């Protein structure tokens, strides 16, 4: 009597075919194209690694700072975090095309300067209030790893002579925009900025906060910085939105950067809150 060879079970066959299909797709599929035709992670790669995240040779970089209503700033900060005595907030636009870990990506966001976390070298601490980032892997990394809470949106920085304009767009609508006028010569500068954030860990079901911790992210940077006169700031959100109440009482200053390099370093735990 002859014995026919044992046939593989259907479940094993299906798993084998799936593994083969995924391997072929990873080889044959082109990189995922993200916002502004950036090339994001190849198919089936991890969505993002852990920090540190390095950003290099950034030429599309600008910041504008203004004085806002103190009560409006306080309403956007968690308990125990106080606005800087100057009541200063700012808007940052930048586009990163080179780097490691997170790049390429782009960002437009609003921050408040705060007390209690300043860098010993003199950098004023900041608190991320609201922003637009792209592509989606950058949004996921900032949320899941670092604890920030950006929305998905694109950024464009344009130059015309000495004028620079930054715009953060979502669903085809400009939400955050600003203009500055560069003045003087660029100077090499660098330092460390401390960004505070309340990092909330959801429950397994995702319907509540399981734990909460106050953390600080040190961001070390270098670049060629040009000071600028502020021209305008626009926050294109409904009047009832709390960010809308931060519109400028007084424009203070701006600056732009070329050859900017910066690193999101390792997180420092300040305190556990829940």
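In what sequence, highest mean first, do 101-109, 260-268 appear when ranked by Cβ atoms within 10 angstrom?
Values: 101-109: 22.8, 260-268: 17.4.
Peptide ranking by packing, descending: 101-109, 260-268.
Can you tell me the FRET efficiency between residue 162 and residue 207 if r is taken as the Cβ-Cβ distance and R0 is 51 Å, rounded to the nearest 0.05?
Numbers: r = 51 Å, r/R0 = 1.00.
About 0.50, to the nearest 0.05.
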- Estimated distance in nm for a label pair at residue 274 and residue 216, the labels positioned 7 Å out from Cα along Cα-to-Cβ: 2.3
- Query: Over the stretch 167-260, what relative contact order in percent results from Cα pairs under 8 Å that are six or more residues apart?
  - Reply: 32
- Item | Modelled FRET efficiency - R0 25 Å, residue 170 with residue 97, Cβ distances, 0.05 increments | 0.75
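Taking 2.2 N^0.38 Å as the expected size of a compact globular protein, what ratio does the Cα radius of gyration of the stretch 165-224 give against it, to two decimals? Mind showing how you got there, number by number?
Numbers: Rg = 18.7 Å, N = 60, 2.2 N^0.38 = 10.4 Å.
Compactness ratio reported: 1.79.
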- How high is the FRET efficiency between residue 185 and residue 70 when r is their beta carbon distance and R₀ equals 30 Å, given to the nearest 0.05? 0.30
- Message: I need to check one value: relative contact order of the stretch 53-272, counting alpha carbon pairs closer than 8 Å and at least 6 residues apart, in percent.
- Response: 24
- Item | Gyration tensor (alpha-carbon) shape descriptor, the stretch 75-114, a/c threshold 1.5 | prolate
- Message: Expected output is a single nm value to one decimal: the length gained when fully extending between residue 224 and residue 152, i.e. 0.36 nm times separation in residues minus the C-alpha distance. What is it?
- Response: 23.0 nm
- Note on the structure: Binned at 10 Å starting from 0, the alpha-carbon pair-distance distribution of the stretch 191-241 in whole percents comes out as 17, 20, 33, 23, 7
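Considering the convex hull of the alpha carbon atoms of the stretch 53-272, report its projected area averaged over all viewing directions, in nm², one decimal.
Working: hull surface 48.5 nm².
Convex hull of Cα atoms, orientation-averaged projection: 12.1 nm².
How do 209, 169 rank when sorted from fewest to most other Cβ atoms within 10 Å of their own Cβ? Numbers along the way, then the final one.
Working: 209 12, 169 19.
If I rank by nearby Cβ atoms, fewest first, I get 209, 169.
Coordinate-derived values only; no laboratory data. Computed from a prediction, not measured in an experiment: that's the story for all the values here. Reconstructed Cβ throughout: ideal geometry from the backbone, glycine too, with neighbour counts over all protein chains shown.
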